[in-house]
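S.K.: Below: one structure in structure tokens.
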Amino acid sequence: MAIKILGTGSYLPENIVTNEDFTKIVDTSDEWIVKRTGIHERRITETPTYVMAETAARRALENARTAPEEIDLILCTTVSSDFITPSLACIVQGRIGAKNAIAFDINAACAAFVYALDLADMYLLRGMGKILIISAESLSKITDYTDRSTCVLFGDAAGACVVTAGEGKFAASFGCDGAGAWTLFARQHKNQVPFVEVIDPQEIDRFPDAKDGTLYMDGKEVYKFAVGAMAKALTDASGKFGLALEELDLIVPHQANIRIIQTAAKELKLPLERFYVNIGRCGNTSSACIPVALDEINRAGKLTAGMKVGLVGFGAGLVYGGCVFEV
Ligand code: ACO
């Protein structure tokens, strides 16, 4: 038994923000952004995360010819939900009327969709029928638009898929380096309790530039981690699947920086054409990157039976995850 994708969906906000638009708010240029990241434009919206999630979910259900009542579990991944509680998954469960589903969120940053697929695989083994996975991110909510080194990278989007048990195989590999937590983080707004003195945690004292509620990143450190993590996750997952790397038909990586994808491809001795890339149009939408890409590939008719597909993500934690499945 292995996980089988029954249908996919996504939502990309209409509002496009170009590199040229960024030159009006920070000291940057289209040339710098394209050369260093591969990003030309990204989508940014005021639409709540839960509405983006709901739209992607409805599209995935329609594509999977599945009624909301058939769903047993909704797994949502996000680092930018509208609410601390309840979970994004519970809000979507109510809005789409998936009354038989249990629902909860996962936070594994940009790698979370791969974690969700693995968790879904385990729940399917325990006998669940159909599972809806949704990754929805409004990174614009947690972006510091005065920090040129991060603000040009991020966008908003949601991607979803419906999965069930099928024939074939699924293999995954994960890793975590919590010592790298402070290379990429966004902290909550400060405690407002009137009865105690509010002090910053010691770790945060070291980052006077980090602002409450927005992403802080040491780009160079994350970059180094990302290249190694991508290579390791894909190699390990392919090995567990019983495939040589070059037998993978398609790799859908997290879209953080085109240079990270190029370097990882080189390290893995795989042609760049084997990697799906949409970073130029969407930027980095954290956990939504991979399911949005999967939906684009699926709707272009390019997910064909028997194909071996590798997914790989990495991000804040620091965490990474890779998996290989057969379509
Ligand atoms: N425009 C113009 N100049 C800029 C910009 C900008 N937007 N941003 C930074 N610079 C400048 C810097 O200030 C620096 O100037 P200096 O030399 O005068 O100090 C110079 O460009 C070089 O900066 P670097 O940080 O060395 O640039 P680098 O080539 O490393 O690119 C980047 C930065 C794009 C952030 C890269 O490090 C990267 O992609 N890192 C990985 C990011 C990532 O993978 N994130 C994934 C997780 S995201 C998540 O989990 C939500």
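The values are calculated or read from the model by the stated rules, or taken from the named source; none is laboratory data. Note that the structure is predicted; figures quoted are calculated from it, not measured. Counting neighbours? That spans all protein chains shown, and the Cβs are built from the backbone with ideal geometry, glycine included. Surface areas here come from the heavy atoms of the whole protein model, side chains and all, with no ligands, DNA or RNA. Shrake-Rupley method; radii C 1.70, N 1.55, O 1.52, S 1.80 Å.
S.K.: Could you give the spread of the C-alpha atoms of the range 261-327 along their three principal axes, from largest to smallest, in whole angstroms?
M.R.: 34, 26, 22
S.K.: Let me ask something additional. At 222 nm, what value in deg cm²/dmol follows for the chain if DSSP H runs of at least 4 each add -39500 (n - 2.57) and the sum is divided by all its residues, to the nearest 500?
M.R.: The helix-only estimate for the chain comes to -9500 deg cm²/dmol at 222 nm.
S.K.: Also: Find which of GLY7, ALA288, TYR115 sits farthest along the positive direction of the dipole of the chain, computed with +1 on the beta-carbon of Lys and Arg, -1 on that of Asp and Glu, about the Cα centre.
M.R.: About the Cα centre, the residue reaching furthest to the positive side is GLY7.
S.K.: Percent antiparallel among DSSP beta bridges with both residues in the range 228-327, to the nearest 5?
M.R.: Within the range 228-327, antiparallel bridges account for around 60 percent of the total.
S.K.: So how exposed is LYS35, as accessible area in Å² (1.4 Å probe, rounded to 10)?
M.R.: Around 150 Å² of this residue is reachable by solvent.
S.K.: Find how much the distance from ASP30 to LYS99 grows on full extension, using 0.36 nm per residue of separation minus their present alpha carbon separation; answer in nm with one decimal.
M.R.: Stretched fully, the ASP30-LYS99 segment lengthens by 20.1 nm.
S.K.: Using the structure shown, select from LYS232/LYS302; LYS224/LYS266; LYS240/LYS308; LYS220/LYS240 the pairs with a Cα to Cα distance greater than 23 angstrom.
M.R.: Pairs exceeding the cut-off: LYS232/LYS302; LYS220/LYS240.
S.K.: Of all DSSP beta bridges located in the chain, what percent are antiparallel, nearest 5?
M.R.: Here the antiparallel bridges make up roughly 70 percent for the chain.
S.K.: If one computes the Cα centroid of the range 142-172 and of the range 211-255, what distance in Å separates the two points?
M.R.: The range 142-172 and the range 211-255 have Cα centres spaced 13 Å from each other.
S.K.: With just the Cα atoms defining each centre, how far is the range 40-88 from the range 264-327? Give it in Å.
M.R.: 19
S.K.: Which length gain, in nm to one decimal place, applies between GLU203 and TYR223 when the Cα-Cα distance is subtracted from 0.36 nm times their residue separation?
M.R.: 5.1 nm
S.K.: Roughly how many nanometres apart are two label points built 7 Å out from the Cα toward the Cβ at GLU46 and THR304?
M.R.: 4.6
S.K.: Please express the shape of the range 34-93 as an equivalent ellipsoid: the semi-axes are the square roots of 5 times the eigenvalues of the C-alpha gyration tensor, given largest first in whole angstrom.
M.R.: 27, 17, 10
S.K.: Of all alpha-carbon pairs in the range 63-183, indicate the percentage at a distance above 17 angstrom.
M.R.: The calculated P(r) of the range 63-183 puts 62 percent of pairs beyond 17 Å.
S.K.: Next question, about the same structure. Less than 16 Å apart at the alpha-carbon level, and either on another chain or at least 8 residues along: which lysines does that give for LYS190?
M.R.: LYS211
S.K.: Quick one: divide the alpha-carbon radius of gyration of the chain by 2.2 N^0.38 Å and tell me what you get.
M.R.: After normalising by residue count via 2.2 N^0.38 Å, the value is 0.96.
S.K.: Using the Cα atoms of the range 1-129, I'd like the radius of gyration and the largest Cα-Cα distance, Dmax, both in angstrom.
M.R.: 17.7, 54
S.K.: Continuing with this model, one more query. With a ≥ b ≥ c taken as the square roots of the eigenvalues of the C-alpha gyration tensor of the range 205-265, please select rounded if a/c is under 1.5 and otherwise prolate if a/b is larger than b/c or oblate if it is not?
M.R.: prolate
S.K.: So which aspartates and glutamates pass the test for LYS269, namely a Cα distance under 13 Å, with those fewer than 8 places away in the same chain ruled out?
M.R.: Partners found: GLU246, GLU247.
S.K.: So, one more: Please report the projected area of the range 144-267's Cα convex hull averaged over all directions, in nm².
M.R.: 11.6
S.K.: Aspartates and glutamates within cross-link reach of LYS35: Cα-Cα under 16 Å, excluding same-chain residues under 8 positions apart?
M.R.: GLU20, ASP27
S.K.: Kyte-Doolittle mean at least -1.0 and Cα extent at least 18 Å along the axis: which DSSP H helices of the chain qualify?
M.R.: Both cut-offs are met by 49-63, 112-125, 219-241.
S.K.: For LEU243, what accessible surface area do you get with a 1.4 Å probe? Give it in Å², rounded to 10.
M.R.: For LEU243, the solvent-accessible surface is approximately 30 Å².
S.K.: Magnitude of the Cβ-charge dipole of the chain, K/R +1 and D/E -1, about the Cα centre, nearest 20 debye?
M.R.: 640
S.K.: Which of LYS169, LYS220, LYS308 moves most in a GNM of the chain, Cα contacts under 10 Å?
M.R.: Judging by the Gaussian network model, the answer is LYS220.
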